[in-house]
C-alpha cells in the first residue's frame, strides 16, 4: 500500500509503501522508499539510491539479481513505517537527502541521486 502522498520531482515519482505485520492484533510494519520514472513507472536509468552506503551514487550501487545487473527502484526502511520525506538539498551536483520519521521514533536519512531539473525554482514571491 501507499500510505503517503507521492512526490513528483522532475522525471521521478517518490513514494513510501506500507506493509503491515501479518498478525492483525499487532501494530507496526515496514516501509519501502521507492523512486521510479514518472513517464512509465519503470526503474530509472541511473541509481536513485546510495545502495552500498559509501556516500557516492555510482555504478557500484548496481545490484545483481537472477544474473542481471540493474539499479534498484526501492530500499527497505530500517525504521519501521515511514512518513512522507523532507527533502534536503546537499549543494552537491548529483545528490540530495530524504529525511523520514519512522514508527520506531527514529529518523531515517537516505542519500539519493538528483536530476538537476528537480532543483529548478518551485515558487516565487512577487514584489510590488
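Looking across region 63-78 at every residue that is within 16 Å of the chain's Cα centre (by Cα) and in a loop (DSSP other than H, G, I, E, B), the one that is surrounded by the fewest Cβ atoms within 10 Å (Cβ to Cβ) is identified as 78.
Listed by position, the strands (runs of 3 or more DSSP E) enclosed by region 1-54 that each have at least 3 residues that are touching a strand residue (DSSP E or B) at 6+ places or on another chain (Cβ under 8 Å), modelled with pLDDT of 90 or more and crowded, with 17+ Cβ neighbours inside 10 Å are 12-16, 32-37. Scan 88, 60, 97 and give me the residue that is part of a strand (DSSP E or B) and surrounded by fewer than 12 Cβ atoms within 10 Å (Cβ to Cβ). After ruling out the rest, the residue left standing is 88.
The values are calculated or read from the model by the stated rules, or taken from the named source; none is laboratory data. Note that the coordinates shown come from a computational prediction; the quantities given were computed from them, not determined experimentally. Counting neighbours? That spans all protein chains shown, and the Cβs are built from the backbone with ideal geometry, glycine included.
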